[in-house]
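Okay, so here's the structure we're looking at.
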Amino acid sequence: MAKSILVLKLGSASITTPKGEIDETIIADITRQVAMLSADYHLILVSSGAVAAGKKYIQNYKGKISERKAAAAIGNPLLLGTYARHFEKYKMAIAQSLCERQHFSNRTQFLQLKETYEELWKNGVIPIANENDVVSNLELKFSDNDELATLLGVGFGASLILLGTSVPGVLDADGKVVEKIKSIDNDIFSLANKKTSEVGLGGMTSKLTFAHLASTMGIKVVIFGVRTPDGILKAVKGETGTECTPKNSSISSRNKWLASGSLVTGRLMIDDGACEAIRKRKSLLAVGIKSIIADFADGEIFEITDLENNIVAVARAKVSSNTITKNSKQHNLEIANASDIVIL
């Protein structure tokens, strides 16, 4: 397709009032800006706010899992109805896309999801994505919508991901916006406010975590304030918020999916020699394994850490962790082929 793909994630706190109700003024402003961008981009909106919109209908709401699911069931149509009403002013239709983790972990399902989005874009329809909270398995949930936005952006080959929040960007120790981040390291993570909003699940740590993944995959990420005047339009131009510089990436679309969309089940720790080998695009052999941290079956995805427990890659296993243990003396046993290892 000629147009680039832009993913816009909107946090609960940024589109709701202090009482947790949908902020009509903000939704109107968002739709105005999105309508302007639709001429140049295929857009995906990842919008939180369903639970926030629906929880007032749950008596004595305490935030339990069952209450959150019920609130989402109530809030989803309210949220989508609000978007639909405001997009109608620009003669634009929307589509609801309720996603679950399994849609990304299974390659066939993921490609079907992508084809559906492409059909929507072909017909000028804006997909609005959110997690399917009503039925999502607790252990297979997205950590938050920052993750969902990143999986969509990386998997679909987006050129830009905008993470909209209630603050103007990543703030330094003096409370000023950090305009550009070239590398997301421990010093940058130390700037993140560990608190989340009262209505959202994520926080700045979450945004930086997924911005790191997306930028590693060659996608520019901007963390910006939704309530900044013309904030979305300015974020696209790099005129507001915090820009996370993308790295040069030649990773194939399949391996981008492998790194971002698959369900990781296991973890291995490897020595320095094995780290150097896989970075040189060589296969992972049993000789380089220091320990099995979490078990996995053959064909499953596992994380690879260095001796300091930093995640350096993900890979698809050729053999199970049980096989590795039973054949610990077979040093040339191939654990993962180079073509199935993605360096992070």
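The values are calculated or read from the model by the stated rules, or taken from the named source; none is laboratory data. Everything numeric in this text was worked out from a predicted model, so none of it was measured. All Cβ positions, even for glycine, are placed from backbone atoms using ideal geometry, and neighbour counts span all protein chains on display.
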Any chance you could count how many residues in segment 163-191 are among the hydrophobic types (A, V, I, L, M, F, W, C), surrounded by 11 or more Cβ atoms within 10 Å (Cβ to Cβ) and in a loop (DSSP other than H, G, I, E, B)?
-> 5
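For (1) among the aromatic types (Phe, Trp, Tyr); (2) in contact (Cβ under 8 Å) with a residue 40 or more places away in the chain; (3) assigned by TED's automatic domain parsing to the domain that holds GLU334; (4) on the phi < 0 side of the Ramachandran plot, each residue gets a yes or a no:
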site	(1), (2), (3), (4)
LEU268	no, yes, yes, yes
ASP271	no, no, yes, yes
ALA277	no, no, yes, yes
ALA286	no, yes, yes, yes
SER291	no, no, yes, yes
GLY299	no, no, yes, no
List every residue pair whose Cβ atoms sit under 6 Å apart, with the two residues 6 or more apart in sequence or on different chains, where the first one lies in segment 169-188 and is within 24 Å of VAL226 (Cβ to Cβ) and in the same structural domain as GLY11 (by TED's automatic domain parsing) and the second, anywhere, is in a loop (DSSP other than H, G, I, E, B) and not aliphatic (A, V, I, L, M).
-> GLY169/GLY241; VAL177/PRO168; VAL177/GLY169; VAL178/ASP172
Of the conditions (1) part of a loop (DSSP other than H, G, I, E, B); (2) within 20 Å of the chain's Cα centre (by Cα), ARG254 fails just one. Which one is it?
-> (1)
Of all the residues that make up segment 231-265, how many are of a type outside the set (S, T, N, Q) and in contact with a helix residue (DSSP H, G or I) (Cβ under 6 Å, 6 or more places away or on another chain)?
-> 10
Those residues of segment 201-239 which are basic (Lys, Arg) and either part of a strand (DSSP E or B) or farther than 14 Å from GLY11 by Cβ (or both), in sequence order | LYS220, LYS234, LYS237
Has segment 326-335 got any residue that is touching a residue at least 60 places away in the same chain (Cβ under 8 Å), part of a strand (DSSP E or B) and either in contact with a helix residue (DSSP H, G or I) (Cβ under 7 Å, 6 or more places away or on another chain) or not small (Gly, Ala, Ser) (or both)?
-> yes
When segment 28-64 is examined, which residues are found to be of a type outside the set (Gly, Ala, Ser) and without any contact (Cβ under 8 Å) to a residue 24 or more places away in the chain?
-> ASP29, TYR57, ILE58, GLN59, ASN60, TYR61, LYS62, LYS64
Apart from one, (1) buried (at least 17 other Cβ atoms within 10 Å of the Cβ); (2) assigned by TED's automatic domain parsing to the domain that holds LYS9 all hold for GLU239; the odd one out is (1)
